[in-house]
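Notes follow the structure.
Readers should treat all values here as calculations from the given coordinates under stated rules, not as data from a laboratory. Here the structure is a predicted model, which is why all the values come from computation and not from measurement. Virtual Cβ from ideal backbone geometry, glycine too; neighbours counted across all protein chains shown.
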Amino acid sequence: MRSGNLGYPRIGNNRQWKKALEAFWAGKLDEETFHAELKAIRLGNLKAQQERGIEIIPVGDFTYYDHILDTAAMFGIIPERFYYEGGEPSLSVYYAIARGNREATASEMTKWFNTNYHYIVPELGQSEPQLTRNRLLDAYREAKSELGIEGRPVLVGLYTFLKLSKGYSPDQLDAWIDRLLPLYSQVLRELEAEGVQWVQVDEPILATTLGEEDLAHVARIYDYLASAAPGIKLQLQTYFEAVDHYEAVVSLPVHGIGLDFVHDGGRNLQSLHQHGFPEDKVLGAGVIDGRGIWKADLQSKLDVLKTIAEAVHPDRIVVQPSNSLLHVPVSAAQETALEPALRGALAFADEKLEEIVLLTKAAQGGAVAVAAELAASKLSREALQQSESRNRTLVHQRIAGLASQPSSRPSNSNVRRDVQQKRWNLPLLPTTTIGSFPQTPEVRSARLKWRKGEWSEAQYETFIKEQIKIWIDVQSELGLDVFVHGEFERTDMVEFFGEKLDGFAFTANGWVQSYGSRCVKPPIIYGDVEFTSPMTVAETVYAQSLTQAPVKGMLTGPITILNWSFVRDDKSREEVAYQIALALRDEVEALEAAGIGMIQVDEPAMREGLPLKREQWAGYLEWAVRAFKLSTSTVKDETQIHTHMCYCEFHDMIDSIRALDADVISIETSRSHGELVGSFEEHTYDKGIGLGVYDIHSPRLPSVEEMGSMIDRALRVLSPEQFWINPDCGLKTRKYDETVAALRNMVQATERARKKY
Ligand code: MET
């Protein structure tokens, strides 16, 4: 057996990558220095794999922003609005596609399968595809000449690329395959001429639900590519789930198949057992969890490898992570401040590579040689299991009594709407924001001072209060109807709650890329989750004391906390969600008791937990909705529950969105360019709803007219009585002036709309 990897985190062990990108965007790095800095990070990443003894090292997985955008740029697939004239797109065009610029809006960004990574959606049909630059060739040459690494270039598979793109109708799919095949061939032929042996072709789409037609397309693609560059061996890589059409996939004319043996519900192994594996192919055995952060149970992994070896000759097995390690932080070595039982049980990218090397050795018959390491790993896992944090009796009791916990509100939404309208007397088309306001450098530095102990608790509290006061005044002056306190005390909407609840831990440096330069540091849910004391009451009550307008209490929902955290792997996600939900209920009740009458429980990540396979959706959604309702159902009728969601493809989740039974929902809209609004033509929704009327991700100031037309568009399908006006979420990432100016336009657009409707 050999050891291999599929992709390494791009961001550097200290987020050097993010810092370089942002410095370059801000004009603080010239292009040459920028390239040099990124090269240093890229080589460092390769070295980390080389030094650990990984035999098959991917190259070309590094990016300047996103690997799907890279693929589009490589093939000259650039939207017309960026004045592209062919050839290799400049860095400024490349970044404009991702981030927008003064003249043009960015391309849409969306979730990468069921992860929290977001890619830029290629827009086909706007330019004639061409190979602009073979970036894999560059990557391969660099690794070889600089480090002597015979790397394995990584290419996004043609079918996955097309399926993730937009700008064509289903009947044009064939034509697009025809258009791209010669370009893919050219990439492979150039690699072949360079002496490249193997290319990793990522086709995660093969792990989704596919029909016969898809399979026919895939077969056609790989038949073509097999003869295009006969000297190249393709390692066709799937991940994130089992492949449903196992026999069809493993018999494709490629030299190797990579399967996920972690997130497949055991089905890949079953298929392997049942149908065998082609004798002439290499199996990439994804046995180490490339998405979780826990040390593996190495003994059980060895057993899996043993089972696999019954069907595949060990010479043709590569021990590898289940998917690219881009989804986990770089190294756990720096996490010295964590409780030892927890720290001992962690494995980030570097530690996973070590596990892969260890497993490979053990499976090669060296189990005795690595016996000490195997035993140590086992002990670490057990120590965490026995720790106090995983044995909280009260939490276990509450979960045992779950069936008797209220999980729907006493009155229906019509009754509640009337009571609430009487209480608030809001105008038509009420205006609000989604919660956060700009986290200026001042806010960030205050938090830092407080965290470092340079500022006392009291000093920090006073500062936060000042910020709240500033923004309550701004909101009054702007004439918004429903206020928020601004979330200045929060770095991150999940971290904030995690820090206050029991059962969570925070790393010093456990960052993972979310989109572009944005990295997140997911909390680790490692123990039983328990409420200890109110988390948001003081700031919300203070904000409410400054105004007559209602101030929304602002919480992050149980499913979002779950989906944006690394979760313990000894309990089901469902059970962990209920633990969080019950802890949040305590907070909802505390807010209500303190006189807060509107409470927003954000669930932007509800969608993110959706299983890849359709047939598993209903099961997930059922417990996700139940968790939300466990948190929000014990309040009085007059208390208005809001929720917020992101990147919501409304039509396929509509029943669950209705089932949440929130009095008001806001959905991030503008980046899906009106597609969301369109879905209301087919589906009814009768509670309060706000669809973001401008994209906060871009620095450009939306005009009154632009927002007016978004409102008009929405009101063609929704009634003015139910419609709320708000921007998309995430104002914390914008600057003060931009925010105020945009909201001013939003209020003006609303005033015009009120006259019309
Ligand atoms: N309340 C949060 C905010 O406005 C919701 C964010 S959803 C990603 O920033």
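Quick one: what are the phi-derived ³J(HN,Hα) couplings along region 522-536, Karplus 6.51/-1.76/1.60 with θ = phi - 60°, whole Hz, x for glycine and proline?
Result, ordered by residue: x, x, 10, 8, 10, x, 6, 8, 9, 6, 10, 7, x, 10, 10 Hz.
For the chain, what is the charge dipole size about the Cα centre, in debye to the nearest 20, if Lys and Arg each add +1 at the Cβ and Asp and Glu each add -1 at the Cβ?
Values: 81 positive and 106 negative charges, 253 e Å.
Dipole of the chain, to the nearest 20 debye: 1220 debye.
Would you mind ranking 24, 506 so that the residue whose beta carbon has the fewest other beta carbons within 10 Å leads the list?
If I rank by nearby Cβ atoms, fewest first, I get 506, 24.
For residue 386 and residue 594, what is the calculated FRET efficiency with R₀ set at 45 Å and r taken between the beta-carbons, to the nearest 0.05? Please list the in-between numbers first.
Working: r = 39 Å, r/R0 = 0.86.
E(calc), rounded to 0.05, equals 0.70.
Can you say what percent of the DSSP beta bridges in the chain, counting only those with both residues inside, are antiparallel? Round to 5.
Numbers: 10 of 62 bridges.
Roughly 15 percent of the DSSP beta bridges within the chain come out antiparallel.
Based on the alpha-carbon gyration tensor of region 16-86 and its eigenvalue square roots a ≥ b ≥ c, which shape applies: rounded if a/c is under 1.5, prolate if not and a/b is larger than b/c, or oblate?
Working: a/c = 3.22, a/b = 1.43, b/c = 2.25.
Taking the square roots of the gyration eigenvalues as a ≥ b ≥ c, region 16-86 is oblate.
Using θ = phi - 60° and the Karplus curve 6.51 cos²θ - 1.76 cosθ + 1.60, what whole-Hz ³J(HN,Hα) does each residue of region 11-20 get, with Gly and Pro shown as x?
These are the phi-based 3J(HN,Hα) values: 7, x, 6, 9, 6, 4, 4, 4, 5, 5 Hz.
Do any of 449/552; 166/756; 422/687 go past 24 Å between their Cα atoms, and which? Spell out each step's value before the answer.
Numbers: 449/552 28 Å; 166/756 35 Å; 422/687 16 Å.
Distance filter (> 24 Å) returns 449/552; 166/756.
Please compute the contact order of the chain in relative form: average sequence separation of alpha-carbon pairs under 8 Å and at least six residues apart, divided by the residue count, as a percent.
About 12 percent, as a whole number.
Hey, can you rank 437-445, 229-237 by average C-beta count inside 10 Å, highest first? Don't jump to the answer; show the numbers that get you there.
Numbers: 437-445: 16.2, 229-237: 20.6.
Ranked from most to least packed, the peptides come out as 229-237, 437-445.
To the nearest 0.05, how large is the calculated FRET efficiency for residue 251 and residue 404 if R₀ is 56 Å and r is the Cβ-Cβ distance?
Working: r = 53 Å, r/R0 = 0.94.
E between residue 251 and residue 404, to the nearest 0.05, is 0.60.
Among 322, 169, 565, which comes first, second and so on when ranked by fewest other beta-carbon atoms within 10 Å? Don't skip to the answer; put the middle values down first.
Details: 322 28, 169 7, 565 23.
Arranged by neighbour count, lowest to highest, 322, 169, 565 become 169, 565, 322.
Pairs of alpha-carbon atoms within less than 8 angstrom and 6+ residues apart define the contacts here; what relative contact order does region 242-325 have, in percent? Could you put the intermediate results ahead of the total?
Working: 120 pairs, mean separation 29.1, N = 84.
Computed over region 242-325, the figure is 35 percent.
Compute, for region 446-495, the length of the dipole vector about the Cα centre, with Cβ point charges of +1 (Lys, Arg) and -1 (Asp, Glu) only. Units Debye, rounded to 20. Write out the running numbers ahead of the final one.
Working: 7 positive and 11 negative charges, 52 e Å.
Roughly 260 debye, rounded to the nearest 20.
Take each of the peptides 256-266, 396-406, average the number of other beta-carbon atoms within 10 Å over its residues, and list them starting from the highest.
256-266, 396-406
Kindly identify region 492-584 as rounded, prolate or oblate by the Cα gyration tensor criterion: order the square roots of the eigenvalues as a ≥ b ≥ c, call it rounded if a/c is under 1.5, otherwise compare a/b with b/c, prolate if a/b is larger, else oblate. Working shown, then result.
On the way: a/c = 2.28, a/b = 1.46, b/c = 1.56.
Oblate.
Points 7 angstrom from Cα along the Cβ direction at residue 280 and residue 36: gap in nanometres?
Those two pseudo-labels are separated by 5.0 nm.
Check residue 252: other-chain or 5+ apart residues with amide H under 5 Å from its amide H, H built from backbone geometry?
Under 5 Å from the amide H of residue 252 lies no amide H from a residue far enough along the sequence or on another chain.
Based on the alpha-carbon gyration tensor of the chain and its eigenvalue square roots a ≥ b ≥ c, which shape applies: rounded if a/c is under 1.5, prolate if not and a/b is larger than b/c, or oblate?
Details: a/c = 1.71, a/b = 1.38, b/c = 1.24.
Prolate, because a/c is 1.5 or more and a/b exceeds b/c.
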